Amino acid sequence: MLGFPGVDPLDAAVGARLKRWRESRGMAIEDVAAALRMPVEDARRAEAGRAHLTTAQIGAATSALRLPLWALVSDTRAY
């Protein structure tokens, strides 16, 4: 059957957190894309949960947004 590939629920959760934190910090998607060293369109896909972020990219995003690592991988504080 042809169609769109499924969305990984973990990627969708990380992407939603990334978008929520980016917007709450008033940061443009272009700035996040630059921090992740990826095209803006790929950053949009990541926020939509349609692209997987590597550990290094999650680390770069948390650094750019000045967040602890747990902020993108969990809704529960790690400390």
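The values are calculated or read from the model by the stated rules, or taken from the named source; none is laboratory data. It should be emphasised that the depicted structure is a prediction, and the values quoted were computed from it without experimental measurement. Heads up, the Cβs are rebuilt from the backbone with ideal geometry, glycines too, and the neighbour counts pull from every protein chain shown. For accessibility, only protein heavy atoms count, side chains too; no ligands or nucleic acids. Shrake-Rupley method; radii C 1.70, N 1.55, O 1.52, S 1.80 Å.
What the table below lists for this structure:
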| quantity | calculated |
| --- | --- |
| Total residues in the stretch 28-54, condition in contact (Cβ under 8 Å) with a residue 24 or more places away in the chain, within 19 Å of VAL7 (Cα to Cα) and hydrophobic (A, V, I, L, M, F, W, C) | 4 |
| Of all residues making up the stretch 25-79, the number that are farther than 15 Å from ALA12 by Cβ, β-branched (Val, Ile, Thr) and surrounded by 12 or more Cβ atoms within 10 Å (Cβ to Cβ) | 4 |
| Selection status of ARG17, open to solvent by less than 90 Å² (accessible area, probe 1.4 Å), on the phi < 0 side of the Ramachandran plot and of a type in the set (Lys, Arg) | yes |
